[in-house]
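Here is the structure we will look at.
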Amino acid sequence: MAGLAHGWDRRSVSDRALHVLPYEGDHDALARRLRTRLTSGPGFAVVTGVPVHALPTEQAQEMAVAMMRPLGRPLPQGTGSDESLAWLVRDEGVSAHTDERRFSEPAYTSKSRGHLHLHNDAAVSPFGHEPDYVSLLVHRTARAGGATVLVDALTVHRVLAHDHPDHLALLHTPFAFDRRHVTPPGRSPVVWGAPFAHRDGHLRARCNTVRMRGAYHLLDRPLPAVRGAAIDALDEVLHRPELALTLELAEGDCLVVDDRRILHGRTTYQDHDDPGRRRCLVRVMAHAG
Ligand SMILES: O=C(O)CCC(=O)C(=O)O
Ligand SMILES: [Fe+2]
């Protein structure tokens, strides 16, 4: 497993034994096993069998926070009456795309049922935080679709260094990110950061190419051509099929990622007619403790 700490692709990580951990009620012990996967393994893990199926959503939220606490300090998400340590990822009728099929920047994309492009949550400093760890606990699955797609930014970085060294040099300098959907009160909707940075001996990724392009609408100036080409190169590598691991998470699975390193996305889904059965994930963000 140690080899995976230096970057994985679909083939090297596909053996489930490398990332699956059975749930145990001792959350301190679970956190120790998770930490090994996060820091000296593939950078993510799927905890299976979390006993949330029969629970009401509020108790699933409490469970999600309780599981993360021994790993790090949970961070508040949302603003005002929306604020919670346990954010509900479910279709609340928000469409990330307008009728003209244009991306709708202020919408909470996690509250839609559309495709979610690859990103890490810290890229946009949601609600003013840069989470180290993010967990997604599956309370209920969709009728169809809604698969999770993971890509290792360490591998993306290595491929860019080989195939696009000039673009990669630029990707180590600050870019603007549109964070209209998660702007903390009184702060700017544009946040700046380098897509790749070395910090404390580790590579830290900030990746959300849709929000990087979108920022230039807010800045009211065109995206410089060389910067646009660097984003294109990043997109091209991100979408290489041999890099992506697709997971069909089941009810009671909890995906935990090192958000500094692992990028996630989601396929479109179709939901159940019965509102009580609809897809619902609980997202917790934490600072490493
Ligand atoms: O719905 C999903 O599977 C992922 C949602 C997501 O990326 C998020 O809420 O940050
Ligand atoms: Fe996300």
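The values are calculated or read from the model by the stated rules, or taken from the named source; none is laboratory data. None of these values were measured; they are calculated from a predicted model. As a convention, Cβ positions derive from the backbone with ideal geometry for all residues, glycine included, and neighbour counts pool all protein chains shown. Ligands, DNA and RNA are stripped out before the accessible areas are found, and what is left, the full protein with its side chains, is counted by its heavy atoms. Shrake-Rupley method; radii C 1.70, N 1.55, O 1.52, S 1.80 Å.
Work through the residues other than Arg90 whose Cβ is under 11 Å from its Cβ and net out their charges, Lys, Arg +1 and Asp, Glu -1.
On the way: positive: Lys111, Arg113, Arg140, Arg278, Arg279, Arg283; negative: Asp91, Glu92, Asp271.
Residues close to Arg90 contribute a combined charge of +3.
Based on alpha-carbon centroids, what's the gap between region 246-289 and region 1-22 in Å, whole number please?
About 19 Å separates the Cα centre of region 246-289 from the one of region 1-22.
Could you check the spin-label model distance between Thr57 and Glu83? Points 7 Å from the Cα along Cα→Cβ, value in nm.
Going by the 7 Å Cα→Cβ label model, 2.1 nm.
Given Cα pairs under 8 Å that are at least 6 residues apart, what percent is the relative contact order of the chain?
Computed over the chain, the figure is 32 percent.
State the percentage of accessible surface on the chain attributable to carbon and sulfur atoms; use a 1.4 Å probe and exclude ligands, DNA and RNA. Mind dumping the intermediate values first?
Working: 6520 of 12730 Å².
Roughly 51 percent, rounded to a whole number.
How many angstrom separate the Cα center of region 168-217 from the Cα center of region 113-152?
Their Cα centres are 17 Å away from one another.
Under a Cβ-Cβ cut-off of 12 Å, what is the net charge of the residues other than Val20 that fall near it, where Lys and Arg count +1 and Asp and Glu count -1? Let's see the in-between values first.
Working: positive: Arg16, Arg33, Arg37; negative: Asp15, Asp253.
Once positives and negatives cancel, what remains is +1.
For a bin width of 10 Å, list the pair-distance distribution of the chain built from all Cα-Cα distances, rounded to whole %.
Result returned by the calculation: 6, 29, 38, 22, 5, 0.
Before rounding to the nearest 500, sum -39500 (n - 2.57) across all DSSP H runs of length at least 4 in the chain and divide by the residue total; then give [θ] at 222 nm in deg cm²/dmol.
When only DSSP H runs of four or more count, the value is -7500 deg cm²/dmol.
Considering the options Gly252, Trp87, Tyr216, tell which one lies farthest towards the positive end of the dipole of region 2-288, charges being +1 on Lys and Arg and -1 on Asp and Glu at the Cβ, about the Cα centre.
Of the listed residues, the answer is Tyr216.
Hey, got the dipole for the chain? About the Cα centre, +1 on K and R Cβ, -1 on D and E Cβ, debye to the nearest 20?
Roughly 300 debye for the chain.
Using a probe radius of 1.4 Å on heavy atoms only, what accessible surface per residue do you get for the chain? Whole Å² is fine.
It amounts to 44 Å² per residue over the chain.
What's the FRET efficiency of Asp200 with Arg69 using the Cβ-Cβ distance as r and R₀ = 25 Å, to the nearest 0.05?
Details: r = 23 Å, r/R0 = 0.91.
Given R0 = 25 Å and the Cβ-Cβ separation, E is 0.65.
Asp232 to Thr267: extension gain in nm, 0.36 nm per residue of separation minus the Cα-Cα distance?
Working: separation 35, 0.36 × 35 = 12.60 nm, distance 2.11 nm.
Net length gain for the segment: 10.5 nm.
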